[in-house]
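Taking it in order: structure first as C-alpha cells, then the write-up.
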Amino acid sequence: QVQLVESGGGLVQAGGSLRLSCAASGLTFSSYAMGWFRQPPGKEREFVTSISHGGRTYYADSVRGRFTISRDDAKNTVYLQMNSLKSEDTGVYSCAVRDRDLFRAAVVGSDEYAYWGQGTQVTVSS
C-alpha cells in the first residue's frame, strides 16, 4: 500500500525558513516523479514544484527562487526547502507521486499525480 507522509510544517515568521519532508513507502521511489502542492485557506489547491525522474525541477512563479525541491531516492524521501517565506505561502502542503511524464518536471495539474499525502500545515505570520 502506497503511503506518503509529510512532516516539517509549522508556524514561522515572514522571512523565515522551513524544510518539509515527504517519506514514501509501498513504492519504488526512484521510478516516479514527485511534486508538492499547497492549498491556501479558502483557495484551491495549487502547484508548487515538481521534480522529475531524472532530477529536473520546475517551480511555480510564486515560489521560484525561494523554494527548492530535492529528492533522495535511497531514503524514499522528497524535500521542500522553503526560504524567505511570505504570509501568502500559508497553506496545507501536500506531496504527491506522479507515474506519468516521469522525465518532465513542468507537470502542474493535480490530476497528473497518482498518490497523495495527507498534508502538513505551514503558517507564515506577518
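Beta carbons closer than 7 Å, at least 6 apart along the sequence or on distinct chains, pair a first residue in segment 85-100 that is over 11 Å from residue 36 (Cα atoms) and in contact (Cβ under 8 Å) with a residue 60 or more places away in the chain with a second that is of a type in the set (Val, Ile, Thr) and open to solvent by less than 50 Å² (accessible area, probe 1.4 Å) for 85/12; 85/124; 86/124; 87/124. Answer yes if at least one residue in segment 27-39 is open to solvent by less than 20 Å² (accessible area, probe 1.4 Å), in contact (Cβ under 8 Å) with a residue 60 or more places away in the chain and more than 13 Å from the chain's Cα centre (by Cα), and no otherwise. Scanning segment 27-39, I find no residue that is open to solvent by less than 20 Å² (accessible area, probe 1.4 Å), in contact (Cβ under 8 Å) with a residue 60 or more places away in the chain and more than 13 Å from the chain's Cα centre (by Cα), so the answer is no.
Only residues that are open to solvent by 50 Å² or more (accessible area, probe 1.4 Å) and in contact with a Lys or Arg (Cβ under 9 Å, 6 or more places away or on another chain) were counted across segment 93-109, and they come to 2.
Set side by side, the residues 71, 19 differ, and just one is surrounded by 22 or more Cβ atoms within 10 Å (Cβ to Cβ), part of a strand (DSSP E or B) and basic (Lys, Arg), which is 71.
Checked against the criterion of being of a type outside the set (Gly, Ala, Ser) and in contact with a helix residue (DSSP H, G or I) (Cβ under 7 Å, 6 or more places away or on another chain), the candidates 97, 122 yield just one match: 122. Is it true that some residue in segment 105-123 is farther than 12 Å from residue 37 by Cβ and touching a Pro at 6+ places or on another chain (Cβ under 8 Å)? Checking segment 105-123: not a single residue is farther than 12 Å from residue 37 by Cβ and touching a Pro at 6+ places or on another chain (Cβ under 8 Å).
The values are calculated or read from the model by the stated rules, or taken from the named source; none is laboratory data. Not measured: the values here are computed from a predicted model. A quick note on method: Cβ atoms are made from the backbone with ideal geometry, for glycine too, and the neighbour counts reach across all protein chains shown. These accessible areas exclude ligands, DNA and RNA; they are computed on the full protein's heavy atoms, side chains included. Shrake-Rupley method; radii C 1.70, N 1.55, O 1.52, S 1.80 Å.
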